[in-house]
1. Between B:HIS163 and A:GLU260, how high is the FRET efficiency from 1/(1 + (r/R0)^6) when r is the Cβ-Cβ distance and R₀ = 30 Å? Nearest 0.05.
2. How high is the relative contact order of chain A, given as a whole-number percent (alpha carbon pairs under 8 Å, six or more residues apart)?
3. Name the long-range amide H neighbours of A:GLU193: under 5 Å, sequence gap of 5 or more, or other chain; modelled H, no Pro or chain starts.
4. Which percent, to the nearest 5, of DSSP beta bridges fully inside the protein assembly as shown are antiparallel?
5. So for the pair A:ASP176, A:GLU107, with labels modelled 7 Å out along Cα→Cβ, what separation do we get in nm?
6. Taking all pairs of distinct Cα atoms, average 1/r, flip it, and tell me the Kirkwood hydrodynamic radius of region B:11-103 in Å to one decimal place.
7. Could you give each residue of region A:236-253 its phi-based ³J(HN,Hα) in whole Hz, using Karplus coefficients 6.51, -1.76, 1.60 with θ = phi - 60°, and x for Gly or Pro?
8. Taking N as the number of residues in region A:2-120, what is its Cα Rg relative to 2.2 N^0.38 Å?
Amino acid sequence: MKIGYYPGCSLSSTGREYNESLQVIAPLLGVTLQEIEDWNCCGASSAHATNRQLSLALAARNLALAETQAIPEVLAPCAACYNRLASARHALAKDTRAFEKTREVLERPEFSNSVRVKTSVEWLRDLAPVIQKKAEETASRSATSPSVKGLKVACYYGCLLVRPPEVTQWPTQWDDPEDPSSMETVVRATGAEPVRWNRRLDCCGAGFSLSRLDSVARLGREILQEAKKAGAQALVVACPLCHVNLDFRQQAIARKAGGEFDLPVFYITELVGLALGASQAQLGLNRHYVRTDSVLERSP
Amino acid sequence: MTHTESKKDNLSAAIRGLTGENVARCYQCGKCSAGCPMSQEMKLKPHDLMRLASFDQADRIFGDESIWLCLTCETCSARCPNGCDPARVIDTLREMALARDPSRWPRAIGAFHAEFLKQVKNHGRVFELGLILGFKLRTGRLFDDALSGPGVFARGKLALQPHRISGIDEMRKIFEKCENVENRDLS
Ligand code: SF4
Ligand code: SF4
């Protein structure tokens, strides 16, 4: 199986391990990732806040490239990139004037806006039966590798994965925008246990991660506190911006709140990788700020 | 005169022209603001912005920094029981505010957006290290934590070299065309 791949800027930098773990698990799940050649930044988090035509054009250039490279479906693992690409695709489908204008700006008259965009969560949810089977095989084969079995995790969707519904759930609803379950399905397939908690869809403030640190700390604290209260041993995320705020900033947030959280933050691809027997180093877990090995139980 | 400028006295009509959103439909239930992660820091909360917009109160909206505090998390638009789209309205208000007076940006937030778009224009992608340094130079916030904490480099978290895409000329053209205000006149 082949799927187009739009890594986005963060995945070669602060979110490197998201890319690394994705590259490890794709072949294990029988998937070939075809990176869109010469992709450009989707424009998050600035173009849409300042210039709508620019935000449409930046996103649409990638969709147009995918078309010319015969890629019908694109995986966009970063939730912010996904949101920009899906929003542009939706806007261009619903608004003929914007579509014409954008084709003109791009000077790509052949662009037909036919490419579908997927989050890593939807992609993995559809592969959950395969993940579960391989995870069970791995568990029975190697009793000594670190295991996520029984690990209590809080699935954190963040704000942009399932929202806004008219965009993310178009043309078909892949999950419920107010009560999604795809991430939990993937987590269960790995053998870990999703906890019930109520900050799954809250915003972590990533858009202000350079410009308004106090807001970011407040929003991050609320998420970490709730996850901890719900009995989670770790968080699972699907966005490099969420990861920066919850992993990199965790210590600073904890210091301000006068406590410790000590909650490792896994990318969903890392959790799947661990269940499939990949090593922590392969998955890039050594790049995290909050250490992950303490919660990965080792069978004797 | 651009579309945005000529209708600045009739804000609600301008918003409708640009987005199709009829702000007068908002019935002020406040659900958008109840779920908004930033509303406790906003003087004008999402439902206030909807109401002021429907009363064409451009000066009150643009004279306050609240629109710049929106994170575009889309919670408000997802939850509005009435099908309104406050997140889209706020994005449009920001674009209008910039067209009126670019100096109105709260300094740090404006510096971030400006530096971000500069990265995209020059490289086609965001070079995060350049973004952080550029942001720091623009704001003088040299000692904020902004990803400069210990171990960022040891962890390989920040690429040291920007990657320039080969379609960079195409990117520059896209920017030029979109920066041309005439092109902003979009429905
Ligand atoms: S939720 Fe909708 S109807 Fe209610 S105040 Fe907000 S925008 Fe208006
Ligand atoms: S999109 Fe903006 S206004 Fe709406 S809930 Fe999020 S931060 Fe608040």
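The numbers here are math on the coordinates, done by the rules we state, and not lab data. Predicted model only: the values in this text are computed from it and were never measured. Cβ coordinates were reconstructed from backbone atoms using ideal geometry, including for glycine residues, and neighbour counts include every protein chain displayed.
1. 0.20
2. Value for chain A: 22 percent.
3. Here A:GLY150, A:LEU151, A:LYS152, A:VAL153 satisfy the definition.
4. Within the protein assembly as shown, antiparallel bridges account for around 5 percent of the total.
5. 5.0
6. Evaluated over region B:11-103, this radius sits at 12.8 Å.
7. Computed from phi, the couplings for region A:236-253 are 10, 10, 9, 8, x, 6, 4, 4, 4, 5, 9, 9, 4, 7, 4, 5, 5, 5 Hz.
8. Cα Rg divided by the expected 2.2 N^0.38 Å: 1.03.
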